[in-house]
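This report refers to the structure that appears directly beneath it.
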Amino acid sequence: KLPATKGEIFEAYRYQNMLSGLQTQERNIYNNLFNTFITRPIDIGLTATYDFLKHPFNPLARDMSLVDVPRYFKGVFTSVPNALLAAKEAFKRGFSANKLDFARGENTIDILRKQSVPKGFTMVPRFMEAQDRFFSTMIAAGEKARLLARGANESIANSQATKLAEKYLLREKLGSGEGPILARAIDALGQFALKGRKLPVIGKPYSWFVPFITTPINAAKIMVEHSPLGVIGGQRTSEQLAKATAGTLITGIGGVLAMQGKTTWTAPTNKLAKDEFYASGRKPFSIQIGDKWIPMWYFGPYALALGVPAAFKQTYGDSNKA
């Protein structure tokens, strides 16, 4: 009784087309894997290290310990059957309007109407929603297991674990007001961009030129947190310092690679230099490992930390305008 309008059906078709590239699926799955099995365990381990340094003789005052890392992994791996069921249900139920910035209406009728878009126009977003639900279930299970082992109330553990999973999979709603100052500034920019869609007359065409906001803004925030910039502002909790420390170490590695000529930033603009650049096998925004040039995005939240030295080297060393 609440059929989608023709405009909403066409918009769903447009979003599906934008998300249907194989690289889009590859990057979504890869980044989810990276954050589940690398980023979160590193954050737990370094946070536990900071907590130990803060309270060396009082284990009860620590929020995390190194044993939380295996607890997290155990929770992740034992949740795989539930994660598969969650992914299946997510695919059947439909895609997340918030993840894709698809539901601009605030009221229930708008949301219900958009959920009645024919399935043929939402298959790709549904598949992406299933991917995200699979990994978010695993991260949440790992975090819940860690919290329960430390004596947390189950309902609180569920809530905190779900919230954390949304953050690591870039699904977090904007406006959290947490984290280092630059991450909060980026969040505010994202909120401002979302409000542009509600403006009269220009809101609709604006949304065509800015189709995705929440996910790239969250990606930028998490990269700032996992870089040397992550220490500026905020409450400077053990977890904030841990993330910034990991990013600082990665920046140091990026600095060594940059001095060795094993990093690239943008490709040259001069045609001859550009042809030579690509003929040598190099790629923009990449690092050299062995004889391969690996794009920095493969390093997930650490991409910015790794890329800063490359940008500095090109700007202040290699550029004709250095």
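Couple of notes before you dig in:
- Dipole of the chain, positive end: most advanced residue of Gly281, Gln115, Phe127 [Cβ charges, Cα centre]: Gln115
- Remark: the chain carries a charge dipole of roughly 680 debye about the Cα centre, counting +1 on each Lys and Arg Cβ and -1 on each Asp and Glu Cβ.
- Sequence-distant aspartates and glutamates (8 or more away, or on other chains) whose Cα lies within less than 16 Å of Lys92: Glu129, Asp132
- Pairwise label distance in nanometres, Gln260 with Ser159, each label 7 Å out on the Cα-Cβ vector: 4.8
- Distance distribution P(r), region 189-314, all Cα-Cα pairs, bin width 5 angstrom from 0: 2, 11, 15, 15, 14, 12, 13, 10, 5, 2, 0 percent.
- Using C-alpha pairs below 8 Å separated by at least 6 residues, the relative contact order for region 126-225 is 26 percent.
- Counting only protein heavy atoms and a 1.4 Å probe, region 63-220 has 52 square angstrom of accessible area per residue.
- For region 204-322, the relative contact order works out to 27 percent when only alpha carbon pairs closer than 8 Å and six or more residues apart are counted.
- Here is the tail figure for region 138-264: Cα pairs spaced more than 20 Å apart come to 59 percent of all pairs.
- With the Kirkwood sum run over all distinct C-alpha pairs, the chain has a hydrodynamic radius of 21.7 Å.
- Within the accessible surface of the chain, defined with a 1.4 Å probe on protein heavy atoms only, the carbon and sulfur portion equals 65 percent.
- Unit charges at the beta carbon, dipole of the chain: most positive-side option, Ser136, Pro56, Phe212: Phe212
- Global form of region 112-157, assessed from the alpha-carbon gyration tensor, a/c cut-off 1.5: oblate
- One quarter of the convex hull surface built on the alpha carbon atoms of region 231-275 amounts to 4.6 nm², the projected area averaged over directions.
- Derived from the Cα gyration tensor, the three semi-axes of the equivalent ellipsoid of region 8-88 are 39, 15, 11 Å, largest first.
- Simple spin-label estimate for Leu60 and Phe37 in nanometres, 7 Å along Cα-Cβ: 3.9
- Solution diffusion estimate, µm²/s, Stokes-Einstein, region 35-194, Kirkwood Rh from C-alpha pairs, 25 °C, viscosity 0.890 mPa s: 140
- In the context of the full set of protein chains, residues of region 255-322 present 62 Å² of accessible surface per residue (probe radius 1.4 Å, heavy atoms only).
- The mean of 1/r over all pairs of different alpha-carbon atoms in region 241-307, once inverted, gives a Kirkwood hydrodynamic radius of 12.6 Å.
- Gyration tensor verdict on region 281-322 (Cα atoms; rounded if a/c is under 1.5, prolate if a/b is larger than b/c, oblate otherwise): oblate
- Taking Lys and Arg as +1 and Asp and Glu as -1, the other residues whose beta-carbon sits under 10 Å from that of Gly254 total +2.
- Between Glu276 and Gln115, the distance separating the two model label sites (each 7 Å from Cα on the Cα→Cβ line) works out to 6.0 nm.
The values are calculated or read from the model by the stated rules, or taken from the named source; none is laboratory data. Please read these numbers as outputs of a predicted model, since none were measured by experiment. All Cβ positions, glycine included, derive from the backbone under ideal geometry; neighbour counts span all protein chains shown. Ligands, DNA and RNA are stripped out before the accessible areas are found, and what is left, the full protein with its side chains, is counted by its heavy atoms. Shrake-Rupley method; radii C 1.70, N 1.55, O 1.52, S 1.80 Å.
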